[in-house]
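Please read the structure below before turning to the comments.
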Amino acid sequence: MSAARQLSLEINGTRRDLNLDIRTTLLDALREHVDLPGTKKGCDHGQCGACTVHVDGERVLSCLTLAAQVEGRPVTTIEGLQTADGVLHAVQTAFIEHDAFQCGYCTPGQIMSAVACIREGHTGSDDQIREYMSGNLCRCGAYPHIVAAVRDASSSLKEAAL
Amino acid sequence: MRTFDYVRVENTSAAISEAAKPETRFLAGGTTLLDLMKLNVERPAHLVDITRLPGLDTIEVSTDVIRIGALAKMSKVAAHADIMDAAPVLSESLWRAASAQLRNMASIGGNLMQRTRCTYFRDPGAYPNCNKRNPGSGCAALEGINRNHAVLGISDACIAIYPGDFAVSLVAFDGTVLVRGKVERRIPIDEFYLLPRQTPNLEHQLSPGEMIVGIEIPRVAALKRSHYLKVRDRASYEFAAASAAVGIEFEADGKTVRDVRIALGGVATKPWRLRAVEEALKGKPIDEATLRTAAATAVDGAKSSGHNAFKIELTPKVVARALMTVGDIA
């Protein structure tokens, strides 16, 4: 058995003190220890993107990150995307409007990835969206609607910023 | 997963002294290491988290050399304006690799230490026989599904491919790996990686306790006119079926080759420099026919293991197309 380790994580703006086996990934910490199951476990090997979250504002894979590695680094999950009074993020709204999912399992990862993709400025064309969203697989094949949702959210966010 | 001790270090000296313990691995982005730990391929007893070491994530482009710190993220190097301008091949070989998420995690030093994607190597439960994991146990890939195994640099002990892209660019342009351990040393990238021969478990020149602290690439004219062509089974987020890092410098006439650099990825057991092809092109005016003739020798000595014969046919085409792109030949 592995020794447990005391960790203090900052998740969606809230400090969480946890006692975890050192092997615990950020993904398992979120799902199993802080009741945030919105982040999904797909392949658990960094190949599907379902577990995408933001650390220090950048998209990363929580399945290949140890919880211990993010001490002192703010984590944002799909649950932390809406405003405090429950208004959905523009990307969430766009995914609903464009019906950008079928089974929905990859969707939290797609949305977290899309929010970062827009922030990075990688939504200049549909081809660029496809390239920079390629780390998020959708086995239902909702890709055309996902591209449309990201394109739409990107322009609505740009307009809002003007 | 085997359990381990985890320590986060604040400076390089502490990292190096921690790494003197047996069965230790440095943890940076973790994108290869944690994956292989889950598969029981990597079983370290100690993890030394080096992600918070100060001063190792710098990117510096001066008049004669490019220096990149070992902890610089792939995404940051790929998007660095001076790198994109001075060395397109470096940027392209980074952004055409992995996914945006993985590139935000993976460090440049860790990228050099990426291990093979050989499916037999990655599956100890089903395939105990792997000379890379367990020297002397045999190679399951030789008689297995080996469509994505190497055709160059192989031995009868191992045909596992070197999977990376960035190191292919470094090999084409004479990069140097900067290493710190008990002493500091500089290892030419082409010598850094070892051929499998009868010891495929030995993959590189690093000794236990040594840490990659950065890389250097000399700025030559061909680096400015460079390109990374990566051909794969799907358009993005896939390892290379065959790739080429190339660069060219012309004489004043704009068509005679003064300098040319070519290295291959996705087909060999290590990043594969094509010096003979380079020599055949130097001093000559080039057109499509010259390039295709020279590129045909890119696979001299190549050997198929059954399913991967297509790589031998594909590789010269990839080399020729990459050179035509940098040579502005339609």
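Only the coordinates and a few stated rules stand behind these numbers; no lab work does. Since we're looking at a predicted model, the values are computed, not measured. Note: ideal-geometry Cβ built from the backbone for every residue, glycine included; neighbour counts use all protein chains shown.
Quick look at the numbers
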quantity: Those residues of segment B:21-65 which are away from chain A (no Cβ under 13 Å), hydrophobic (A, V, I, L, M, F, W, C) and either under 14 Å from B:Met211 (Cβ atoms) or touching an Asp or Glu at 6+ places or on another chain (Cβ under 7 Å) (or both), in sequence order; calculated: B:Leu53, B:Leu56, B:Val61, B:Val65
quantity: Conditions (1) closer than 26 Å to B:Asp233 by Cβ; (2) touching a residue at least 24 places away in the same chain (Cβ under 8 Å); number of the one not met by B:Asn131; calculated: (1)
quantity: Enumeration of residues in segment A:20-39 that are within 14 Å of chain B (Cβ to nearest Cβ) and farther than 19 Å from A:Ala4 by Cα; calculated: A:Thr39
quantity: Sole exception among (1) closer than 20 Å to A:His89 by Cα; (2) more than 12 Å from chain B (Cβ to nearest Cβ); (3) under 16 Å from the mean Cα position of the chain (by Cα) for A:Met133, by number; calculated: (2)
quantity: Qualifying positions in segment B:283-295 - free of Cβ contacts under 8 Å to residues at least 24 places away in the same chain and either touching a strand residue (DSSP E or B) at 6+ places or on another chain (Cβ under 6 Å) or surrounded by fewer than 16 Cβ atoms within 10 Å (Cβ to Cβ) (or both); calculated: B:Ala289, B:Thr293
quantity: Qualifying residue in segment A:103-115 (condition: among the aromatic types (Phe, Trp, Tyr), buried (at least 19 other Cβ atoms within 10 Å of the Cβ) and more than 13 Å from every other protein chain (Cβ to nearest Cβ)); calculated: no
quantity: Test: residue in segment A:17-24 that is under 19 Å from B:Val48 (Cα atoms), among the polar types (S, T, N, Q), surrounded by fewer than 22 Cβ atoms within 10 Å (Cβ to Cβ) and touching a strand residue (DSSP E or B) at 6+ places or on another chain (Cβ under 8 Å); calculated: yes
quantity: B:Ile108, sole failed condition from (1) away from every other protein chain (no Cβ under 13 Å); (2) under 23 Å from A:Ala4 (Cβ atoms); calculated: (2)
quantity: Segment B:214-231 residues that are under 14 Å from B:Glu92 (Cβ atoms), paired with ones that are hydroxyl-bearing (Ser, Thr, Tyr) and assigned to a strand (DSSP E or B) (beta carbon under 6 Å, 6 or more apart); calculated: B:Lys230/B:Ser243
quantity: Strands (runs of 3 or more DSSP E) contained in segment B:29-81 and holding at least 2 residues in contact (Cβ under 8 Å) with a residue 40 or more places away in the chain and more than 23 Å from B:Val7 (Cβ to Cβ); calculated: B:65-69
quantity: Boolean, B:Ala280 is away from every other protein chain (no Cβ under 14 Å), of a type in the set (Gly, Ala, Ser), over 18 Å from the mean Cα position of the chain (by Cα) and surrounded by 15 or more Cβ atoms within 10 Å (Cβ to Cβ); calculated: yes
quantity: Filter result (in contact (Cβ under 8 Å) with a residue 40 or more places away in the chain, surrounded by 21 or more Cβ atoms within 10 Å (Cβ to Cβ) and out of contact with any Ser or Thr (no Cβ under 6 Å at 6 or more places or on another chain)) within segment B:82-97; calculated: B:Ala87, B:Glu92, B:Leu94, B:Ala97
quantity: Residue count for segment B:187-236, restricted to those that are surrounded by fewer than 21 Cβ atoms within 10 Å (Cβ to Cβ) and either within 14 Å of another protein chain (Cβ to nearest Cβ) or among the polar types (S, T, N, Q) (or both); calculated: 10
quantity: Conditions (1) closer than 25 Å to B:Asp233 by Cβ; (2) free of Cβ contacts under 8 Å to residues at least 40 places away in the same chain; number of the one not met by B:Glu279; calculated: (1)
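Here is a yes/no grid of residues against (1) crowded, with 19+ Cβ neighbours inside 10 Å; (2) within 10 Å of chain B (Cβ to nearest Cβ); (3) without any contact (Cβ under 8 Å) to a residue 24 or more places away in the chain:
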{"residue": "A:Gln47", "(1), (2), (3)": "no, yes, no"}
{"residue": "A:Arg73", "(1), (2), (3)": "no, yes, no"}
{"residue": "A:Val87", "(1), (2), (3)": "no, no, yes"}
{"residue": "A:Asp99", "(1), (2), (3)": "no, no, no"}
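For every residue, the table says whether it meets (1) within 12 Å of B:Ala100 (Cβ to Cβ); (2) away from chain B (no Cβ under 14 Å).
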position: A:Glu120; (1), (2): yes, no
position: A:Gly124; (1), (2): no, no
position: A:Leu137; (1), (2): no, no
position: A:Gly141; (1), (2): no, no
position: A:Ala149; (1), (2): no, yes
position: A:Ser156; (1), (2): no, yes
